[in-house]
Amino acid sequence: MNTDSPSPSGNEPHRRPYSAAPRRPFNPRGRRPFRPHNQHGGPHMDARAPQTTPAAHGDLREPAALMSSGAPREHAPRGPRPPQRRGFRPAGGRGFGGGRGGGHFRRPPSMPRQPVNEPEARELVMLPPLSEDMVRVIPLGGVEEVGRNMIAVETPEGIIISDAGFQFTRETTTPGVDYILPNTKWLADNKDRILALFITHGHLDHIGGIPFMMDRIGNPPLYTQYLTSLMIKKRQEEYPHQPQLDMHVMDVGSSVILTNKAGRTLTVRSFPVTHSIPDSMGISVATKHGNIVISGDLKLEHEDGVPSDKEQRVWGSLGKEKNILFIADSTNAEKEGFSIPESKVYATLEEIINSVKGRLVVGLIASNFERMIRIIQAAEKNGRKVILEGRSVKNNIDIAQLAKLFDPKKGTLIPAEAINDYPSDKIVIMCTGAQGEDAAALMRIATKKHKSITFNERDTVVLSSSVIPGNELGVQKLKDNLLRHGLTIIHYRSSDVHSTGHGNTGELIWMRQQVNPNFFMPAYGFHSMLRNHANAQIASGFPRERVIIPDNGTVIEITNGTELLVRKEKLPSNPMMVDGFSIGDMQEVVIRDRQALAKDGMFVIIATVNLRSGTLKKSPDIISRGFVYLRESQGMLAEARLLVKKSIEDMTQGMNPIDLEMVKTQLTDNVERYLFQKTSKRPMVIPVLIGV
Ligand SMILES: [Zn+2]
């Protein structure tokens, strides 16, 4: 991912703090005891039974003795509904939790699947056994998005996986979901044949999925370089219930010979690449007819477009081998030429440190180890003290010292409380939050929530990162808050204070030319990035018919190193979601309910029906949340009660015995229609009928 992007211990640009520990053993609204999703559910009552606590939101509600009267109907999609789904309910009619409000249960064999939960056809794909001369490459994630990178390489000896990332989510599309993972179903089905997982570097879009998927895919041996191993370990501490990782640290440029159960071996070689985090590598899987080369995230170390000697050596050596397929990073493939080299950034930052008169504050992404180290070293040279703010900056500077990446002079790093012990031109504050994250250090200081540091007009703030798409509003808010202090901001648009971790097309073309593969596949990015990357390679002379632009789950087969087949069927690729404690790919109904609730709220009707006469015992109770302000809607409420009463009594007339399920379906329709007429809103209507 973009260096400017969430990083393992980086200040993450989205809402959630890095402490990615499973979040939800508590109920954020403090109203209901926590109950995990009954995801595998058999019969269970809806954990979200309507509330009877006293009014909290000004909604009027009328407490009533509550009980769920069995199986409310399955919840159909919003908007116009397919008629055949009306009144759908499981055979037997009782006992499936959910209904309008729920629905995350395991479907018994007799129940038809909901169309929203597939892509079904894809999930049934069984790949035929591999021939001796064939290799399969399957990007499982990260080729239709920035994030959740994972590529599988299947050879006759077994399966190699490159990376296990996750992706952050957006509240609007997946409300409440913590992270999105690649779909690992195929890997889980074939876990006996997985030889190893290689992790190219320590960014979250490459390591983030590890705690959530290792168990599922059989906890295969994990190979990576030293710094990445430290970051994985650190993260793993937050998930103590996961199985112990079988992690092996690779030396730079070393190879691993893997042996399968039949005693056959497969060699995977690593090669060092330049990225925004140290110990980044690519891998080359040696198959019978040549190598599958996977770049990992990378750029080139270069001067004015001339790659450094180190790069020439690494790529030159790769090019000496027979390479079947080159898979490369597309994150910056929408930019031409060569990216700004990091050395230019160091020079600019050093110049700023030397020239700024007052305190200097640098906001950055904490996974940018080398940049942080260079800033500390430049501060030392300039006689400045450095204050570290933000957990991930502190963590990563600890890791950097542990990994012996640098050794700051004693007394250089000082605590924030000591800020007033030094003149302001002797202070550098290095902190998280350049992406405008609410909880990060920079925003806390800017909004005067920090206990030791307050900004003033003599301060200079450097935002040493670009803005990750999606974070624009947050960064805008940050800048506004900073400028209220009258201070000076230096950012990447006005000065070379940031460079990306991903190569532009000039670099990518150079690498591909060095590798000289038979086939080329762009990876890591949205489809537009992949397409741009492909076009750039084609424009530089690579044959169009040898380029594969994949989707998640695309199955690529290469026989004899020269014959390409992209299969029509795809492996399952619908994202798996981390939602509190549950992980799975079958929760669309839950997500849909959340979206519906967020949009129009809920409307619960509770009525006690005399099962002999079909009449109501008393006027029905109504509870609502997030729909309309009921105190000001008394007229509508009274009408709704009458409608409920009339609907139930009309329907039960002559019905023998009285089938409350059928009554509920019709009642829901009537009430939905009425509320829509009155308000132009479609709250989730949940009838609870109690037969006595
Ligand atoms: Zn990265």
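Here are a few things to note about the model shown:
- Out of 289, 203, sole residue that is of a type outside the set (A, V, I, L, M) and under 23 Å from residue 371 (Cα atoms): 203
- Scanning the stretch 558-591 for residues that are among the β-branched types (Val, Ile, Thr) and either in contact with a helix residue (DSSP H, G or I) (Cβ under 6 Å, 6 or more places away or on another chain) or assigned to a strand (DSSP E or B) (or both) returns 558, 559, 566, 578, 583.
- Enumeration of residues in the stretch 587-617 that are in contact with a strand residue (DSSP E or B) (Cβ under 8 Å, 6 or more places away or on another chain), among the polar types (S, T, N, Q) and within 13 Å of residue 175 (Cβ to Cβ): 587
- Contact map, the stretch 498-524: residues that are in contact (Cβ under 8 Å) with a residue 60 or more places away in the chain and under 19 Å from residue 202 (Cβ atoms) paired with residues that are of a type in the set (A, V, I, L, M) and open to solvent by 10 Å² or more (accessible area, probe 1.4 Å), Cβ distance under 7 Å, separation 6+ or inter-chain. Pairs shown: 499/340.
- Any hit, the stretch 321-340, residues being assigned to a helix (DSSP H, G or I) and of a type in the set (Gly, Ala, Ser): no
- Selection of first residues in the stretch 634-660 that are at positive phi and of second residues that are open to solvent by less than 50 Å² (accessible area, probe 1.4 Å), restricted to Cβ pairs under 9 Å at least 6 apart or on distinct chains, gives the following pairs, ordered by first then second residue: 654/614.
- Consider the stretch 339-351 and keep the residues that are of a type in the set (A, V, I, L, M) and farther than 22 Å from residue 443 by Cα. The one that is least open to solvent (accessible area, probe 1.4 Å) is 345.
- Test: residue in the stretch 280-301 that is over 24 Å from residue 153 (Cβ atoms), of a type in the set (A, V, I, L, M) and either within 16 Å of the ligand (Cβ to nearest atom) or not in a loop (DSSP other than H, G, I, E, B) (or both): yes
- Candidate set from the stretch 297-338 (those that are in contact with a strand residue (DSSP E or B) (Cβ under 9 Å, 6 or more places away or on another chain) and small (Gly, Ala, Ser)); member that is surrounded by the most Cβ atoms within 10 Å (Cβ to Cβ): 330
- Those residues of the stretch 324-353 which are of a type in the set (D, E, K, R) and touching a residue at least 12 places away in the same chain (Cβ under 8 Å), in sequence order: 329, 334, 335, 336, 342, 344, 350
- Test: residue in the stretch 228-246 that is in contact with a Ser or Thr (Cβ under 8 Å, 6 or more places away or on another chain), closer than 21 Å to residue 153 by Cα, buried (at least 22 other Cβ atoms within 10 Å of the Cβ) and of a type outside the set (Ser, Thr, Tyr): no
- Leading residue by the ranking (nearest to residue 137 (Cα to Cα)) among those in the stretch 494-543 that are surrounded by 17 or more Cβ atoms within 10 Å (Cβ to Cβ) and β-branched (Val, Ile, Thr): 515
- The criterion of at least 1 residues that are open to solvent by 10 Å² or more (accessible area, probe 1.4 Å) and aliphatic (A, V, I, L, M) is met by the following helices (runs of 4 or more DSSP H) wholly inside the stretch 365-482: 369-381, 391-402.
- Unmet criterion (only one of (1) open to solvent by less than 30 Å² (accessible area, probe 1.4 Å); (2) at pLDDT 90 or above; (3) in a loop (DSSP other than H, G, I, E, B)) for residue 619: (1)
- Qualifying residue in the stretch 166-175 (condition: modelled with pLDDT under 95, over 19 Å from residue 554 (Cβ atoms) and assigned to a strand (DSSP E or B)): yes
- Residues in the stretch 262-279 that are part of a loop (DSSP other than H, G, I, E, B) and touching a residue at least 40 places away in the same chain (Cβ under 8 Å): 264, 273, 275, 276, 277, 278, 279.
- Search result, residues across the stretch 247-279 that are in contact with a Phe, Trp or Tyr (Cβ under 7 Å, 6 or more places away or on another chain), open to solvent by 20 Å² or more (accessible area, probe 1.4 Å) and within 16 Å of the ligand (Cβ to nearest atom): 278, 279
- Residue match in the stretch 407-414 (condition: among the hydrophobic types (A, V, I, L, M, F, W, C) and modelled with pLDDT of 95 or more): yes
- For the stretch 622-661, the candidate set comprises residues that are part of a loop (DSSP other than H, G, I, E, B) and under 16 Å from residue 683 (Cα atoms); within that set, the residue that is most open to solvent (accessible area, probe 1.4 Å) is 629.
- A search for C-beta distances below 6 Å between a residue of the stretch 310-323 that is closer than 18 Å to residue 520 by Cα and any residue that is part of a loop (DSSP other than H, G, I, E, B), counting only pairs 6+ apart in sequence or on different chains, returns 319/516; 323/517.
- Hits in the stretch 586-619 (condition: within 23 Å of the chain's Cα centre (by Cα) and among the acidic types (Asp, Glu)): 588, 593
- Top-ranked residue in the stretch 214-227 [being within 23 Å of residue 275 (Cβ to Cβ) and open to solvent by less than 10 Å² (accessible area, probe 1.4 Å); ranked as farthest from the ligand (Cβ to nearest atom)]: 222
- When residue 257 is tested against (1) closer than 20 Å to residue 402 by Cα; (2) without any contact (Cβ under 8 Å) to a residue 12 or more places away in the chain, only condition (1) is not met.
- The stretch 211-254, residues that are among the polar types (S, T, N, Q) and farther than 21 Å from residue 401 by Cα: 219, 242, 244, 254
- In the stretch 170-213, residue surrounded by the most Cβ atoms within 10 Å (Cβ to Cβ) [restricted to those that are within 16 Å of the ligand (Cβ to nearest atom) and of a type in the set (A, V, I, L, M)]: 204
The values are calculated or read from the model by the stated rules, or taken from the named source; none is laboratory data. Predicted model only: the values in this text are computed from it and were never measured. Quick reminder, even Gly has a Cβ in these numbers, built from the backbone with ideal geometry, and neighbours come from all protein chains shown. When the accessible area is computed, the model is the full protein with side chains, heavy atoms only, and any ligands, DNA or RNA have been set aside. Shrake-Rupley method; radii C 1.70, N 1.55, O 1.52, S 1.80 Å.
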